[in-house]
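What follows is a structure written as structure tokens; I'll ask about it next.
The values are calculated or read from the model by the stated rules, or taken from the named source; none is laboratory data. Small disclaimer: the values here were computed from a predicted structure and weren't measured. Reconstructed Cβ throughout: ideal geometry from the backbone, glycine too, with neighbour counts over all protein chains shown.
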Amino acid sequence: MLKLLGSRLATAVPSLIGVVIVTFLLTRVLPGDTAAYFAGPAATPQAIAEIRTKLGLDKPLPVQFADYVSALAKGDLGSSLSTGQPVATEIAARLPASAELTLAGLVLALLIAVPFGIMAAVRQGSWIDHACRIITTAGVSLPVFFTGLLLVYVFYFKLGWAPAPLGRLDVFFSAPETVTGFYLIDSLIARDFETFRAALAQLAVPAITLAIFALAPIARMTRASMLAVLSSEFVRTAKAAGLTDYTVIITYAFRNAMLPVVTTLGMVFSFLLGANVLVEKVFAWPGIGSYAVEALITSDYAPVQGFVLAMAILYVILNLLIDLAYGIIDPRARSEA
Amino acid sequence: MNRREFMKSASATAVATGTGVAAPAVFSPAKAQARNETLLIVSESGPNNLDIHGVGTNVPGYEASWNTYDRLITHEMTEKDGVRYYDRDKLKGELAEDMNIGDMSVTFKLKKNATFQDGSPVTAKDVKWSLDRAVSVGGFPTFQMKAGSLEKPEQFVVVDDHTVRVDFLRKDRLTIPDLAVIVPCVINSELVKKNATEKDPWGLEYTKQNTAGSGAYRVTKWTPGTEVIFERFDDWKGGPLPKIKRVIWRMVPSAGNRRALLERGDADISYDLPNKDFVELKQAGKLNITSVPYSNGVQYIGMNVKNPPFDNPKVREAVAYAIPYEKIMEAVLYGLGKPMFGAPADAVTKVAWPQPTKFKTDLAKAKQLMAEAGYAGGIDTTLSFDLGFAGVNEPICVLLQENLAQIGIKTTINKIPGANWRTELNKKVLPLYTNVFSGWLDYPEYFFFWCYHGSNSVFNTMSYQSAAMDTFIDGARAAAASGDKAAYDTDVKGMVDLAFADVPRIPLYQPFVNVAMQKNITGYEYWFHRRLDYRAFQKG
């Protein structure tokens, strides 16, 4: 297990180095002049030049890169110009917001999609199978910002069930003391149930929006891999041996069908972090996606680099976790590694 | 009670508690009270720096500075078309209790009891340090100070603990008003110096995150890109104590949601919605909508007069006659703009700016002008706009493109991202574009100096050079400084007439500042900087 962990991490290093170089170059190639943008509407060429010097953008590219890497080695990701904060603190503050939302959406999607996929596979061709098909098709075809706005319109504006789409907490609540950065968990640790309820209420609609989007691939994959497993010989044997439906489907078939589902899950998770950008915009969610997009629009290099780097590290960790999960689910995967 | 009845009553209670859960978040009277003294503002973007002296402070940052710092002087309020509007010509003390204008200097006596938010007294030393900082840090603050001939630290002299003198470099009518804009704010120098470093002698890093002023509000929490929370400073001496104790400013990127928040009554104020939304909200009548034209601001079509084909005045005039003015007012602005075209043929030029041109849409005349200019065969060019304001710019350009095609000018629309727009303008090569300019100081010669003068500032986006124009502008500035009204009037009329005859840029309209408020909110004030002043707001 440790060997697997070590070799996995070792292969990640070159990709991270690549990410550092590519993001640095890409941000420099982007059209737009950071100094001119931040010099403000009333800037003289001289004022722009002053700002350029202050930001170190007048130095040659290799020097800028060396500065960036040496700062990076000290854990300094630079400062964002559009929010005025160090990128590392911003990412640390915003990542939990995105992660909480994404995980909530994913868990919700799992809770619905997996049973749905199993049912659809077990009762192939029944109404539940057709319902599965319709819902998953709708889920992937509706863009998240549309479902988001639609849900806000219906549940907040028309019905008044959902709270105002104003981010993670209603304005009259203060955030619980930070332990994990996840409001739901932190408020429980602080035993502040009113805040927990408020945070949950804010989370509900954006999480549903993400879940609708994530439902489709998970349900489809569950159904397909269940179908394959259900038609295999050991299932037929189990049935012939007179085991109950539950034991056959859940204990035997589902465990074997889980591998591709877990793989899809990893993909969906990374996918959702991307889809988050739009959901965060719609719900004024202070997450990492909206942060990166803002930075990109204003040619604010440091946050874009920091964001891509953080995402790359996240993906590496995610892939590692999935690999480890394979081993737990299926011992054969362990020996292959 | 038998079993059946018990079940009935139990389910009734269940229903009652069920609805109780759906009650709004305001539970206790204390919270309701807090809500009444709290103002919730929603807008698209927030500040990137709480200090206007910072590197690259954005426009929302100006609002934070305005409300958390005091200046020596500020403007009185008057009323214009039913809206409280700053009085350009009447100044009053904010930190100063007395202002004495001499021939080549002005002396301010500070209010003796004024303190900073940390309790330390406001002294002449702080004022000097702050003004020195404004003229020294470079970038926008220094540039703005220069606009009022405030350029060197030597100009600011401490007379005694509570007296400061500002010496004039030259006679300039804009010097005193320039002391009332956002930039010359008074900063707690001791506090900031304590937090300054060798690399950062003016403590810009500290004031970026912290407010160190004597203003009516202080920032108690700032989560960049998410929210800013202001609390009232109860010892404020700059004016009457504001009614609102707490201001929560939340960033809501989606315009649709900002509108929903207003309509549901959850947000109190929002000010950057699409024009269409403002018009619909106005018609619905559930909210108070205030629309005020930008002072000294004009949206225009600009042309590069250095290069063909727009170096030919006849072509420029043809464009001016080809613009679908009325359509732009209707379909793009929904009427939320003040037309700057179509003045009657016999209208007399006024000593004012902005004022309308005599152009109106006349395609036949435009075609004829094109033929006279020798371009009957047509022209191929690009029409550029800033994507950052695509909501207005894009439809303007599409409408213009349609009309220009009819007089033989074929245009390709060039969308330039916001981050890139100023770089492109600075190069001064865009042949044809739409843009907006507005100046804080509301004086015609100020506008013309930046936009038309041969010194070719960034805002002379057309690269327009005219000796006659320079004479008018310099003359008007000199006349304003010496108080020669007759000469001033002649020069201002002269520059307006020349600008309309040469048409390097074609004014379209004066944009409106639109603010939507709940019915129970009063006290909105229009300021030259167009951001909100929290100090006069009231709720209920």
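Being modelled with pLDDT of 85 or more and under 20 Å from A:Gly117 (Cα atoms) narrows it down to one of A:Val262, A:Val282, so name that one.
A:Val262
Being within 18 Å of B:Gly391 (Cβ to Cβ) and either assigned to a loop (DSSP other than H, G, I, E, B) or touching a Cys at 6+ places or on another chain (Cβ under 8 Å) (or both) is the filter here, so list the residues in region B:286-298 that pass it.
B:Tyr294
Determine which member of the set B:Lys493, B:Lys519, B:Lys410 is of a type in the set (Lys, Arg), surrounded by fewer than 17 Cβ atoms within 10 Å (Cβ to Cβ), in contact (Cβ under 8 Å) with a residue 40 or more places away in the chain and away from chain A (no Cβ under 14 Å).
Testing whether each residue is of a type in the set (Lys, Arg), surrounded by fewer than 17 Cβ atoms within 10 Å (Cβ to Cβ), in contact (Cβ under 8 Å) with a residue 40 or more places away in the chain and away from chain A (no Cβ under 14 Å) leaves just B:Lys519.
Residues in region B:322-334 that are closer than 18 Å to B:Gly297 by Cα and over 20 Å from the mean Cα position of the chain (by Cα): how many?
Looking only at that region, the number is 4.
Which of the helices (runs of 4 or more DSSP H) contained wholly in region A:89-193 include at least 3 residues that are away from chain B (no Cβ under 13 Å) and surrounded by fewer than 19 Cβ atoms within 10 Å (Cβ to Cβ)?
Counting at least 3 such residues, we get A:127-141, A:183-189.
Restricting to region B:116-161, name every residue that is within 14 Å of chain A (Cβ to nearest Cβ) and touching a residue at least 60 places away in the same chain (Cβ under 8 Å).
B:Ala134, B:Ser136, B:Val137, B:Gly139, B:Phe140, B:Pro141, B:Gln144, B:Ala147, B:Gly148
Return yes when B:Lys415 is surrounded by fewer than 21 Cβ atoms within 10 Å (Cβ to Cβ), of a type in the set (Lys, Arg) and away from chain A (no Cβ under 14 Å) and no when it is not.
No; evaluated as a whole, the condition is false for this residue.
Can we say A:Ser290 is crowded, with 17+ Cβ neighbours inside 10 Å, within 14 Å of chain B (Cβ to nearest Cβ) and at pLDDT 80 or above?
Here the answer is yes, as A:Ser290 does meet what is asked.
Could you check how many residues of region A:202-235 are part of a helix (DSSP H, G or I), surrounded by fewer than 16 Cβ atoms within 10 Å (Cβ to Cβ) and either out of contact with any helix residue (DSSP H, G or I) (no Cβ under 9 Å at 6 or more places or on another chain) or β-branched (Val, Ile, Thr) (or both)?
1
Restricting to region A:240-255, give me the number of residues that are in a helix (DSSP H, G or I), farther than 24 Å from A:Ala325 by Cα and not charged (D, E, K, R).
The qualifying residues number 1.
Examine region A:65-74 for a residue that is within 14 Å of another protein chain (Cβ to nearest Cβ), in contact (Cβ under 8 Å) with a residue 12 or more places away in the chain, surrounded by 14 or more Cβ atoms within 10 Å (Cβ to Cβ) and closer than 16 Å to A:Gly306 by Cα, and state whether such a residue exists.
Looking for residues that are within 14 Å of another protein chain (Cβ to nearest Cβ), in contact (Cβ under 8 Å) with a residue 12 or more places away in the chain, surrounded by 14 or more Cβ atoms within 10 Å (Cβ to Cβ) and closer than 16 Å to A:Gly306 by Cα, one finds none in region A:65-74, hence no.
So how many residues does region A:257-285 have that are within 14 Å of chain B (Cβ to nearest Cβ) and either of a type in the set (A, V, I, L, M) or buried (at least 24 other Cβ atoms within 10 Å of the Cβ) (or both)?
9
Going through B:Leu430, B:Leu425, B:Leu441 one at a time, which residue ends up being touching a Leu at 6+ places or on another chain (Cβ under 7 Å) and either modelled with pLDDT under 90 or surrounded by 22 or more Cβ atoms within 10 Å (Cβ to Cβ) (or both)?
B:Leu441
Quick one: in region B:460-477, of everything that is surrounded by fewer than 20 Cβ atoms within 10 Å (Cβ to Cβ) and part of a loop (DSSP other than H, G, I, E, B), which residue is farthest from the other protein chains (Cβ to nearest Cβ)?
B:Ser466
Here is a further query. Looking at region B:332-391, which of its residues are over 17 Å from B:Pro313 (Cα atoms), in contact with a strand residue (DSSP E or B) (Cβ under 9 Å, 6 or more places away or on another chain) and of a type in the set (A, V, I, L, M)?
B:Leu333, B:Leu336, B:Met340, B:Leu383, B:Leu387, B:Ala390
Working only within region B:264-276, note down all residues that are at pLDDT below 90 and buried (at least 20 other Cβ atoms within 10 Å of the Cβ).
Correct list: B:Asp266, B:Tyr271, B:Leu273.
Among the residues of region B:260-276, which ones are in contact (Cβ under 8 Å) with a residue 60 or more places away in the chain and touching a strand residue (DSSP E or B) at 6+ places or on another chain (Cβ under 8 Å)?
Scanning region B:260-276 gives B:Leu261, B:Leu262, B:Gly265, B:Asp266, B:Ala267, B:Asp268, B:Ile269, B:Ser270, B:Tyr271, B:Asp272, B:Leu273, B:Asn275.
Also: Does region B:144-163 hold any residues that are acidic (Asp, Glu) and outside any helix (DSSP H, G or I), and which are they?
Passing the criteria: B:Glu151, B:Asp160, B:Asp161.
Another question, if that's okay. Identify the residue in region B:227-285 that is part of a helix (DSSP H, G or I) and among the polar types (S, T, N, Q) and, among all such residues, is farthest from A:Ala284 (Cα to Cα).
B:Gln283
Out of all the residues in region B:78-88, is one or more of a type in the set (Val, Ile, Thr) and within 14 Å of chain A (Cβ to nearest Cβ)?
Within region B:78-88, none of the residues are of a type in the set (Val, Ile, Thr) and within 14 Å of chain A (Cβ to nearest Cβ).
Sort out which residues of region B:424-458 are within 12 Å of chain A (Cβ to nearest Cβ), of a type in the set (Ser, Thr, Tyr) and in contact with a Ser or Thr (Cβ under 8 Å, 6 or more places away or on another chain), and write them in order of number.
Correct list: B:Ser438, B:Ser457.
Within region A:45-91, count every residue that is farther than 21 Å from B:Leu50 by Cβ and among the small types (Gly, Ala, Ser).
Result for region A:45-91: 7.
State the number of residues belonging to region B:166-217 that are within 25 Å of B:Ser149 (Cβ to Cβ), of a type in the set (A, V, I, L, M) and touching a helix residue (DSSP H, G or I) at 6+ places or on another chain (Cβ under 8 Å).
The qualifying residues number 8.
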